[in-house]
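Structure first, then comments.
The values are calculated or read from the model by the stated rules, or taken from the named source; none is laboratory data. Quantities reported herein were computed from a predicted structural model and do not represent experimental measurements. FYI the Cβ positions are ideal-geometry reconstructions off the backbone, even for glycines, and counts take in every protein chain you see. Side chains are part of the model used for accessible areas, which takes the heavy atoms of the whole protein and leaves out ligands, DNA and RNA. Shrake-Rupley method; radii C 1.70, N 1.55, O 1.52, S 1.80 Å.
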Amino acid sequence: MALLSLQGVTLNLGGKTLLDTADLHVEQGERVCLVGRNGVGKSSLMALLSGDLTPDGGTIVRTPGVTFGHMPQAVPDHWSGPVFGVVASGLGKEGEALAAAHLIATGREAQLSAAKLALARDLLQSGEGWERHGDILEAINQLGLDPEADFATLSGGNKRRVALARALVASENLLLDEPTNHLDIKTIAWLEDFLVRRVKTFVFISHDRAFVRRLATRIVEVDRSQLYSYACTFDQFLERREERLDAEEKQAAAFDKKLAQEEAWIRQGIKARRTRNMGRVRALQAMRSERMARVSRQGVVSMLAQEAERSGKLVIEAKQAGFAYPDGYRVFNAFSTIIQRGDRIGLIGNNGVGKTTLLRLLLGELEPTEGSIRHGTRLEVSYFDQLRSSLDPEKSVMDNVANGNDTVTINGQQRHVASYLMDFLFESDRLRVPVHTLSGGERNRLLLAKLFTMPSNLLVLDEPTNDLDVETLELLEELLASYSGTVLMVSHDREFLDGLVDKVYEFRDGRVKEHLGGIYDFLRDRQLESMRELDRANSSAAVAAQSSGPGTNPVPGNRSKGTAGKSPANGATSPAKPALSGKELYTLKREADKQLRKAERDVEQAEEQIMALEKQIAGMDKQMADPAAHGIDLSDGTLYAQYNELKDQLSKLTYRWEELNIELENAQEAVAEFQ
């Protein structure tokens, strides 16, 4: 049953046709991702689905009684008050009661009128009130928000987090416009898990390819005022879209060839005007009209970074650098690193931990409050900043890039600014509009256009991927892959960072830790490291428990790694302790052998399960690649749900296999103690 249906819908905005007699049906249980180039109308389509926009033609049918939580692209100006109240307002009257209940729970019932106090108490006494109150607090806390903060004082990124939390608690059916923008990797992982476990149906817009791969059961592409539906995974969509475009291109080429032949015929002379040939003339006129009505597919961004003279081998050196604000808040300390020419470094960490602060320190925009930072020679820096502060919102697109000039210099060649901006998909009618009228993706493209007018050998990118469409992201990846200079980048887009960085700076516990390798190397190693730390902590506790009693020794094999043979910190020699008896040693050895055999069995079973899942997933891949040949129906999304569930199981089982291998390694070391 379709929860939402668009039937022959037409939408015109700003003199542009965004949808032309388009159809879309959203069935219960589907996870539909809307994709398309920046500016084609994805957010406008989402506003139609939510009811915020009314179509110029056609019909929108909604199932009675079904509500959708909506996260819009732009946060409404009229939202105000504490964060908890704004989030709860997505529930309507119930939300008002919950906001009042929150004041009661925090000891501020004196702020309530008698009517609201009674309403809140009735809700709490019903039993469901506290559960809903907890759901709101969970969403707020998981998104890193303060429930008591004044919404008006929040940054743009945190306001979008509030909008996301408001949608998540409003309904089990969701409409989400770019939900992962301004979220760190940890929060994105939580959001993915929340949406899989607790949401029934949702439609979303996202350019985060890893997010789309994990969640989407159907892809709907907005292209030249039409909607194209693909009941498949994201990777299969990319292949099928190319097949559709190739077929469309061949069809257009055949049409154009036929049109050229008819145009040549009509120019042959008077015979074409005879009555017996008028049918052919009318057919030619119809072909001309059809050709004029054809909408060409938008081109691709053409990017070329200007590279300056090579910098010195040393780019930046930090020695025990740290930074603290005047109020005493310490962002990080004791950070030392050497950045050399050609390094590609990704900065990773939760929002607000200081990634942008470190970039500004490394660039010399801020001075460290401790330690030192030294720059190498011949540095030419291009900085893509998170706040887009280098764009003047009141100036036109052209003036922001060329500073009022008609030309820009690109790799030593003069180019007209209009021609240069067309490489970044700015049509002539958009060149003189003020920047504040642009979409988020258009602003990012404009900033890239401005960035690449400046020669550089050090490229600094702070959240460059927000709002960029997939095609532009892929071209930016290609440009960075071929860039011979040094790159520093902050991004929470795992797919974007993969293959582009060879070193990771991780912000954790007030320190910056350096990891060698790419982003997935880091994520894998970080998880293993956490397990080892937990294991070492458990081992240390076991040693302490064994040695706390008089006359006992640490148990062989349970010693913390890296502590063997070390003397106490004060340099004193530990007193000798009585040896274990033969019976005690035999008992311990037998227990260690038992643990080793168990660990070997667990690893073997996990490997068998992984191979079985991989075989099952491979079989489903073949079925979904050619459903007709296998006699299956993909329309209800059941197979995709099963496919995603298997992928989730495989991911969890792989993590468990890594844990089991660590346990096996520890068991082997324990047995070796007795050899």
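Could you pull out the pairs from 355/503; 319/355; 42/355; 313/503 whose alpha carbons sit more than 21 Å apart here?
Working: 355/503 15 Å; 319/355 17 Å; 42/355 31 Å; 313/503 17 Å.
The answer is 42/355.
At 7 Å along the Cα-to-beta-carbon direction for both residue 403 and residue 130, put a label point, then send me their distance in nm to one decimal.
The answer from the label model is 6.5 nm.
Computed FRET efficiency, Cβ-Cβ of residue 439 and residue 264, R0 45 Å: what is it to the nearest 0.05?
0.55
How big is the accessible area of residue 239 in square angstrom, nearest 10, if you roll a 1.4 angstrom probe over the protein chains?
120 Å²
Going Cα to Cα from residue 594, which lysines come in below 22 Å? Please leave out same-chain ones fewer than 8 positions away.
The qualifying lysines are 561, 583.
What's the local net charge at residue 55, with K and R +1, D and E -1, over the other residues with C-beta under 14 Å away? Intermediate values should be presented prior to the final figure.
Values: positive: 62; negative: 20, 23, 52, 56.
With Lys, Arg at +1 and Asp, Glu at -1, the neighbours total -3.
In Å, what Rg and Dmax follow from the Cα atoms of region 143-211?
For region 143-211, the Cα-based Rg and Dmax read 12.0, 34 Å.
I need the shape label for region 104-195. Rule: rounded when a/c is under 1.5, else prolate if a/b > b/c, else oblate, with a, b, c from the alpha carbon gyration tensor.
Values: a/c = 2.51, a/b = 1.69, b/c = 1.49.
Prolate, since a/c reaches 1.5 and a/b exceeds b/c.
May I ask you to compute the full-extension gain from residue 314 to residue 601, defined as 0.36 nm times their residue separation minus their alpha-carbon distance, rounded to one decimal in nm?
On the way: separation 287, 0.36 × 287 = 103.32 nm, distance 5.08 nm.
Length gained, residue 314 through residue 601: 98.2 nm.
Determine the principal axes of the Cα atoms in region 45-109, then give the extent along each, sorted from largest to smallest and rounded to whole angstroms.
Answer, in whole Å and largest first: 52, 27, 12 Å.
Express in Å², to the nearest 10, the accessible area of residue 20 obtained by rolling a 1.4 Å probe over the protein heavy atoms while all chains stay in place.
Counting only protein heavy atoms, residue 20 exposes about 70 Å² to solvent.
Just check region 360-416 against the gyration tensor rule for me: Cα atoms, a ≥ b ≥ c as the square roots of the eigenvalues, rounded for a/c under 1.5, and otherwise prolate or oblate depending on whether a/b exceeds b/c.
Values: a/c = 4.74, a/b = 1.77, b/c = 2.69.
Oblate, since a/c reaches 1.5 and b/c is not below a/b.
For the full complex of protein chains and a 1.4 angstrom probe, list 431, 516, 117 by accessible area with the highest value first.
Details: 431 10, 516 135, 117 35 Å².
Highest to lowest solvent-accessible surface, that is 516, 117, 431.
Given the C-alpha centroids of region 30-93 and region 96-172, what is the distance between them in whole angstrom?
Each part's Cα centre sits 21 Å from the other's.
Can you bin region 14-122 into rounded, prolate or oblate? Criterion: square roots of the alpha carbon gyration tensor eigenvalues sorted a ≥ b ≥ c, rounded for a/c under 1.5, prolate for a/b above b/c, oblate for the rest.
Details: a/c = 3.06, a/b = 2.35, b/c = 1.30.
Prolate is the answer for region 14-122, as a/c is 1.5 or above and a/b outweighs b/c.
Between residue 340 and residue 242, what FRET efficiency comes out of the Förster formula 1/(1 + (r/R0)^6) with R0 = 41 Å and r the beta carbon distance, rounded to 0.05?
So the FRET efficiency works out to roughly 0.55.
Which log10 I(q)/I(0) values, to two decimals, does region 460-502 give at q = 0.24, 0.30, 0.33 Å⁻¹ under the Debye formula with one point per Cα?
-0.86, -1.37, -1.57
Would you check the accessible area of residue 338, probe 1.4 Å, heavy atoms only, in square angstrom rounded to 10?
Residue 338 exposes around 90 Å² with every protein chain in place.
How high is the relative contact order of region 377-470, given as a whole-number percent (alpha carbon pairs under 8 Å, six or more residues apart)? Write down the numbers at each step before the final one.
Working: 127 pairs, mean separation 43.2, N = 94.
Dividing the mean separation by the residue count of region 377-470 yields 46 percent.
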